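Each value in this text was obtained by applying a stated rule to the coordinates, not by laboratory testing. Not measured: the values here are computed from a predicted model. So basically every Cβ, Gly included, is an ideal-geometry build from the backbone, and we count neighbours across all protein chains shown.
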Amino acid sequence: MASIESDIGYVRAALPILKDYLFSNEIYWSLGVAPPPGELAYPQLTLGGILLAHARLQVRRSDPRAVEEYPLLEAELEKIQLQIRVSWEKKCEREFGARLKLWRDYLEEYRSQPENHSDRYAYEVTRRVMLDLLQLFARDLPTAEIKLLQGLDQLLHAVFIPGKFIWEPDLKDGFPKPRFWYLYGDLQQTS
């Protein structure tokens, strides 16, 4: 999982190019900057990535490493979102569809060979979190996509073993169990 410094750096790098990205036809956009030393490379710029980084920073906003930057980043994100709301919503809708396909593909791989794919769940479930965050802004999702997500959640329920929160403990308060139930457990190892 990304560190506070990495999330701050990702959002900070995204802000100057966010409007260009929102007006483009691209779902994935290169940030063109290096992460803090010792961190993994930044993922490509997406609204799902920004929303996830923001959600993690929101939980960690009282951490001394985030207390100065978080309010500034949040204010700038909110300003851009309000200024070009329609572009923001349309991009969320497009990304929702793309992330939904990736999530479906992972669950199909898991279903066909659980022993080979269950160990990737903690990483892959990030897509499910992004779907949840994107859906808040995607106003005109196709009915077929909403039904597909519901069907995938039913499949997930059938193979899900409830348990402990699977991400860093300090993030737990930002991802409550009633909404993010899929972060509180793991997948069965075999079918």
* **Pair H157, R120: separation of 7 Å Cα→Cβ label points (nm)** => 2.6 nm
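For I8, I161, which order do you get if you count the other beta carbons within 10 Å of each Cβ and list the fewest first?
So the ranking, lowest neighbour count to highest, is I161, I8.
Starting with the fewest neighbours, write out D63, D7 ranked by other beta-carbon atoms found within 10 Å of each beta-carbon.
Fewest-to-most ranking of D63, D7: D63, D7.
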* Using a 10 Å Cβ count of at most 14 others and DSSP loop calls, identify the longest part of the chain lacking such trypsin sites (Lys or Arg not before Pro). => 66-138
* Residue order, fewest to most beta carbons within 10 Å, for Y42, Y123 -> Y123, Y42
* **Zone of E168's modelled label, taken as backbone nitrogen in region 51-78 under 14 Å from a point 7 Å along Cα→Cβ** => 53-67
* Hey, with R₀ at 22 Å, roughly what FRET efficiency would R12 and V67 work out to, going by the Cβ-Cβ distance, to 0.05? -> 0.90
* Asked: Straight-line reach from K172: which lysines have a Cα under 22 Å away, not including same-chain ones fewer than 8 places off?
  -> K164
* Structure fact -> For E74, placing the label point 7 angstrom along Cα-to-beta-carbon and taking region 1-34, residues whose amide nitrogen sits under 17 Å are 4-5, 7-9, 11-12
* **Nearest-0.05 FRET efficiency for Q58 and Y28, computed from C-beta distance (R0 25 Å)** => 0.60
* **Extension gain (nm, one decimal) between E109 and E39, 0.36 nm per residue minus Cα-Cα** => 22.3 nm
